[in-house]
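Asks: The structure follows.
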Amino acid sequence: MMLLQYAVMRFATMLLTLWVVSILVFVIINLPPGDYLSNQIAELRATGQAEGVAKAEFLRREYALDRPIWEQYLIWAGFAPGPQGFFGLIQGNFGWSFEFDRPVAEIVGDALWLTVLVNLAAVIFVYVVALPLGVLAAAKSETWVDYTAGFVGYLGLATPNFLLALMLFYYGHKYFDLPIGGLMAPAFEGQPMSWPKVKSILVHLIVPTFVIGTSGAAAMMQRLRANMLDELSKPYVETAIAKGMKPSKMLRKYPLRMAFNPFVADLGNLLPAMVSGSVLVSVVLGLQTIGPYLLTALKSQDQFLAAFVLMFVALLTLIGTMISDLLLVLLDPRIRMGARD
Amino acid sequence: MGIQPSNRFVDTAPWTDDADLSEIARAEFDAPAYVLVWRKFRRHKLGLISGVFLLLCYLILPVAGFVSPYTANERSADYLYHPPQGINLWHAGDFIGPFVYPTTAQADLENYRWTYHTDETSPMPLEFFCEGAQYNLIGLIPSDTHLFCAPDGATMFLWGSDRLGRDVFSRILYGAQLSLTVGLIGITVSFALGIFFGALAGYFGGRTDWIVNRAIEILRSLPELPLWLALSAAVPSNWGPVAVFFVISIILGILDWPGLARAVRSKFLSLREEEFVRAAEMMGARPGRVIRRHLLPNFMSHLIASATLSIPAMILGETALSFLGLGLRAPAVSWGVMLNDAQNLASIEIYPWTATPMLPIIVVVLAFNFLGDGLRASLDPYRT
């Protein structure tokens with residue numbers, strides 16, 4: 001019961017946060033002077049195309065861009081009736097992209113799932129890599145295993161994501177014949193899901209996952225190692241060794257469980273960085289996630305598209321953080337029993 | 001000092017009973033904190049080396065124009081995409097000092113690119129303290145003396161030249177001026193905001209604490225890069241490079257403060273219950289004074305260590321923004337702007353040296369990480 005209550009509370013907090021985020025996003029998006037349409041109108045006027053102006057003016061009214069900014073926000077979010085009545089984010093209308101001249105939902109459609117997929121793959125990669133390496137580095141601390149792992153980790157932290165992406169891409173293609181660019185072979189784009197398509201996506205995922213996950217895995221590994229080292233110096237470990245337990249079983253049974261908590265809790269820190277990375281890497285590698293859309297939208301002031309992408313990215317991290325919090329509660333009875341304020 | 005027949009050393013000075021035996025030990029106990037910190041830091045070899053390296057890097061910044069053979073936007077139109085040239089010392093078995101071989105460009109009409117032919121018969125010694133293109137020393141004093149430059153009739157592209165025939169080595173030095181200071185300005189902003197909000201939350205507690213805490217949580221749960229992108233997209237495109245530079249560094253700082261604020265807050269929460277704080281308050285010190293004089297100095301060193309660790313994130317952030325074309329823009333030169341040219345696979349394949357700026361980025365970021373680790377390990381000298 002406690003757990004359910006906590007989950008509901010946590011969900012409510014998330015919604016509240018999302019609301020604040022939506023205000024933040026809307027303000028940021030509207031920071032640049034003017035908007036896509038007013039820029040377009042000015043351009044059309046300058047070139048003397050009167051009929052275009054009429055259409056743009058119509059769109060401006062249709063999307064309430066001629067109203068004060070707070071009213072625009074309320075209409076966009078769906079808290080207030082716009083020209084088409086209550087029809088905003090919470091009613092499932094993501095807005096209109098002026099740049100592509102199509103509804104936002106239609107443009108980003110597939111990209112949303114691919115974004116989730118890429119990030120999920122990267123998170124799994126981080127845990128799969130960081131867990132054994134971190135434990136190994138701690139168990140064999142101050143040997144060459146530890147130093148190598150540490151050095152590789154530092155290098156992973158220090159190399160800019162996008163460069164790593166370019167390099168891996170180049171060498172991956174040259175020596176391992178990995179595909180270049182995109183998330184699937186061009187032939188599969190727009191096709192329904194099928195086994196070859198899934199396979200193509202998986203092969204294309206290798207490099208992006210590695211690139212996005214590396215710095216996160218490095219950081220995670222370092223922290224797990226530090227936590228493990230703390231635990232390894234405790235008396236109960238000595239007791240376990242003294243009674244003749246096998247080192248591998250001892251590690252698994254006691255210190256790892258203790259060190260596991262921060263490992264899970266870290267997902268909250270990891271995810272924002274990860275999603276950041278995936279946006280950048282998607283742009284460089286030409287993945288069909290929402291990263292490239294964000295960049296074009298920001299550059300051309302296509303405000304609804306940019307705002308939606310930002311909202312989606314924020315939602316992704318918020319959900320991830322919530323899941324990590326819930327997992328933590330499931331995992332650790334001390335937290336579950338209300339040691340929390 | 002005398003030597004006994006048994007080869008033992010014995011101090012012959014008269015011995016008195018009054019000498020305070022604990023004096024030697026006292027010197028150790030009374031040593032000021034910075035001596036202890038330094039003593040501990042010195043043993044952290046990697047941190048020490050990184051610190052010296054970074055110091056050198058920052059010392060070069062004001063005189064980058066003097067050290068580099070070319071200026072940042074000086075073009076050698078006849079030498080586009082020139083591969084890196086080595087500086088040689090020996091020619092045909094004779095030592096003749098540092099020199100380069102002249103090269104000539106040939107158009108490769110089959111692959112549509114320039115190829116360079118090196119003439120290995122005529123070594124051309126480098127010139128030192130020579131006159132070259134004009135630049136401003138420390139940004140103020142006009143000068144045209146360069147530490148070394150190419151001899152007439154030859155070029156000296158240590159790390160090659162780029163798309164427009166500009167020297168990559170010189171551009172990296174000039175780029176360092178922006179790329180390295182972005183982190184410093186950003187961290188100053190983040191420091192100020194972090195300490196302000198962290199102190200506010202930690203010292204006053206209650207509702208203030210709640211509000212600040214929620215703000216921290218929200219900002220921390222958002223992915224940084226998209227926000228950076230959105231904010232820097234808001235910078236008007238007609239602003240000058242200097243203004244853009246400052247705005248970008250402030251943007252980087254604005255989104256970085258929550259981590260610092262959280263650290264400050266938790267320290268304040270524990271420290272504000274201490275007697276010395278109570279004493280100061282009872283003597284009528286205002287909150288501002290208590291925070292500045294009594295609380296902050298207690299963990300300033302910690303804050304500096306954690307600040308050192310967040311500078312790399314800002315350097316990488318600037319690089320990423322400029323790389324995507326939303327940060328600094330040409331004619332400003334930064335490492336990110338330079339990498340913007342190396343964006344596609346073709347240029348990495350054919351002209352790998354255009355990606356050279358990644359080396360200084362990696363090295364500097366690593367150095368900051370090591371320095372931060374060293375500082376963090378040594379800044380608490382009283383802990384054993």
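The values are calculated or read from the model by the stated rules, or taken from the named source; none is laboratory data. Owing to the predicted nature of the structure, the values given are computational and were not obtained by experimental measurement. We place every Cβ from the backbone using ideal geometry, glycine too, and count neighbours over all the protein chains shown.
Asks: Any idea which of (1) part of a loop (DSSP other than H, G, I, E, B); (2) at pLDDT 80 or above; (3) out of contact with any strand residue (DSSP E or B) (no Cβ under 8 Å at 6 or more places or on another chain) is the one residue B:61 doesn't satisfy?
Replies: Of (1) part of a loop (DSSP other than H, G, I, E, B); (2) at pLDDT 80 or above; (3) out of contact with any strand residue (DSSP E or B) (no Cβ under 8 Å at 6 or more places or on another chain), only one is false for residue B:61: (1).
Asks: Same structure, new question: Name the single residue that is surrounded by the most Cβ atoms within 10 Å (Cβ to Cβ) among those in the stretch A:284-322 being closer than 19 Å to residue B:325 by Cβ, at the interface with chain B (Cβ under 10 Å from one of its Cβ atoms) and of a type outside the set (A, V, I, L, M).
Replies: A:291
Asks: A follow-up question, please. Return only the number of the condition from (1) within 11 Å of another protein chain (Cβ to nearest Cβ); (2) surrounded by fewer than 22 Cβ atoms within 10 Å (Cβ to Cβ) that residue B:317 does not satisfy.
Replies: So residue B:317 meets the others, but not (2).
Asks: What residue, among those in the stretch B:327-384 that are facing chain A (nearest Cβ under 9 Å), surrounded by fewer than 21 Cβ atoms within 10 Å (Cβ to Cβ) and in a loop (DSSP other than H, G, I, E, B), is nearest to the chain's Cα centre (by Cα)?
Replies: Filtering first and then ranking leaves B:343.
Asks: Name the residues in the stretch A:127-152 that are loosely packed, with under 15 Cβ neighbours inside 10 Å and among the acidic types (Asp, Glu), would you?
Replies: Scanning the stretch A:127-152 gives a single hit, A:142.
Asks: Which members of the stretch B:157-212 meet the condition of being under 30 Å from residue B:63 (Cβ atoms), hydroxyl-bearing (Ser, Thr, Tyr) and surrounded by fewer than 21 Cβ atoms within 10 Å (Cβ to Cβ)?
Replies: B:181, B:188
Asks: Let me ask something additional. Within the stretch A:156-203, which residues are within 14 Å of chain B (Cβ to nearest Cβ), in contact (Cβ under 8 Å) with a residue 60 or more places away in the chain and in a helix (DSSP H, G or I)?
Replies: A:156, A:157, A:161, A:162, A:165, A:166, A:169
Asks: For the condition β-branched (Val, Ile, Thr) and touching a strand residue (DSSP E or B) at 6+ places or on another chain (Cβ under 8 Å), what is the one hit in B:182, B:168? Walk me through it before giving the result.
Replies: Values: B:182 fails: touching a strand residue (DSSP E or B) at 6+ places or on another chain (Cβ under 8 Å).
Step by step, each of B:182, B:168 is checked, and only B:168 is β-branched (Val, Ile, Thr) and touching a strand residue (DSSP E or B) at 6+ places or on another chain (Cβ under 8 Å).
Asks: Which of the residues spanning the stretch B:279-321 are at pLDDT 85 or above, among the β-branched types (Val, Ile, Thr) and farther than 27 Å from residue B:229 by Cα?
Replies: Within the stretch B:279-321, B:290, B:291 qualify.
Asks: Please go through the stretch B:91-112 and give me each residue that is over 36 Å from the mean Cα position of the chain (by Cα) and not polar (S, T, N, Q), ordered by number.
Replies: Correct list: B:91, B:92, B:93, B:94, B:95, B:96, B:105, B:107, B:108, B:109, B:110, B:112.
Asks: For residue A:30, only one of the following conditions fails: (1) surrounded by 15 or more Cβ atoms within 10 Å (Cβ to Cβ); (2) out of contact with any Leu (no Cβ under 9 Å at 6 or more places or on another chain); (3) farther than 18 Å from residue A:297 by Cα. What is its number?
Replies: Of everything listed in (1) surrounded by 15 or more Cβ atoms within 10 Å (Cβ to Cβ); (2) out of contact with any Leu (no Cβ under 9 Å at 6 or more places or on another chain); (3) farther than 18 Å from residue A:297 by Cα, residue A:30 misses just condition (3).
Asks: Just to be sure, is residue B:56 farther than 18 Å from residue B:356 by Cβ, in contact with a helix residue (DSSP H, G or I) (Cβ under 6 Å, 6 or more places away or on another chain) and at pLDDT 80 or above?
Replies: no
Asks: Which ones in the stretch A:268-283 are more than 7 Å from chain B (Cβ to nearest Cβ) and of a type in the set (A, V, I, L, M, F, W, C)?
Replies: Residues satisfying the conditions are A:270, A:271, A:273, A:274, A:281.
Asks: Which numbered condition trips up residue B:259, out of (1) within 14 Å of chain A (Cβ to nearest Cβ); (2) without any contact (Cβ under 8 Å) to a residue 24 or more places away in the chain?
Replies: (2)
Asks: Still on this structure, I have one more. Looking at the stretch B:239-254, can you tell me whether even one residue there is polar (S, T, N, Q) and under 17 Å from residue B:184 (Cα atoms)?
Replies: yes
Asks: Moving to a separate point now. Has the stretch B:93-112 got any residue that is in contact with a Pro (Cβ under 7 Å, 6 or more places away or on another chain), surrounded by 14 or more Cβ atoms within 10 Å (Cβ to Cβ), assigned to a helix (DSSP H, G or I) and not assigned by TED's automatic domain parsing to the domain that holds residue B:362?
Replies: no
Asks: Let me ask something else about it. Considering only residues that are surrounded by fewer than 20 Cβ atoms within 10 Å (Cβ to Cβ) and either under 24 Å from the mean Cα position of the chain (by Cα) or under 19 Å from residue A:271 (Cα atoms) (or both), which ones fall in the stretch B:213-243?
Replies: Of everything in the stretch B:213-243, those that are surrounded by fewer than 20 Cβ atoms within 10 Å (Cβ to Cβ) and either under 24 Å from the mean Cα position of the chain (by Cα) or under 19 Å from residue A:271 (Cα atoms) (or both) turn out to be B:214, B:215, B:217, B:218, B:220, B:240, B:241, B:242, B:243.
Asks: Just checking, which of A:237, A:275, A:207, A:264 is modelled with pLDDT of 85 or more and part of a helix (DSSP H, G or I)? Even if it seems obvious, please write down each step before you answer.
Replies: Details: A:275 fails: modelled with pLDDT of 85 or more; A:207 fails: modelled with pLDDT of 85 or more; A:264 fails: modelled with pLDDT of 85 or more.
Answer to the selection: A:237.
Per-residue answers, yes or no, for (1) in contact (Cβ under 8 Å) with a residue 12 or more places away in the chain; (2) more than 14 Å from chain B (Cβ to nearest Cβ):
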site: A:16; (1), (2): no, no
site: A:26; (1), (2): yes, no
site: A:32; (1), (2): yes, no
site: A:41; (1), (2): yes, yes
site: A:48; (1), (2): no, yes
site: A:51; (1), (2): no, yes
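Asks: Sticking with this structure for a sec: Could you tell me how many of the residues in the stretch A:251-267 are farther than 28 Å from residue A:205 by Cα and either touching a Phe, Trp or Tyr at 6+ places or on another chain (Cβ under 7 Å) or within 13 Å of another protein chain (Cβ to nearest Cβ) (or both)?
Replies: 1
Asks: What's the number of the only condition in (1) within 14 Å of another protein chain (Cβ to nearest Cβ); (2) modelled with pLDDT of 85 or more; (3) under 25 Å from residue B:222 (Cβ atoms); (4) over 16 Å from the mean Cα position of the chain (by Cα) that residue A:220 fails to meet?
Replies: (1)
Asks: Has the stretch A:131-145 got any residue that is within 14 Å of chain B (Cβ to nearest Cβ), part of a loop (DSSP other than H, G, I, E, B), farther than 17 Å from residue A:288 by Cβ and in contact with a helix residue (DSSP H, G or I) (Cβ under 6 Å, 6 or more places away or on another chain)?
Replies: no
Asks: Quick check on my filter: what residues within the stretch B:286-315 are closer than 19 Å to residue B:187 by Cα, touching a Leu at 6+ places or on another chain (Cβ under 9 Å) and free of Cβ contacts under 8 Å to residues at least 40 places away in the same chain?
Replies: Answer for the stretch B:286-315, where residues must be closer than 19 Å to residue B:187 by Cα, touching a Leu at 6+ places or on another chain (Cβ under 9 Å) and free of Cβ contacts under 8 Å to residues at least 40 places away in the same chain: just B:299.
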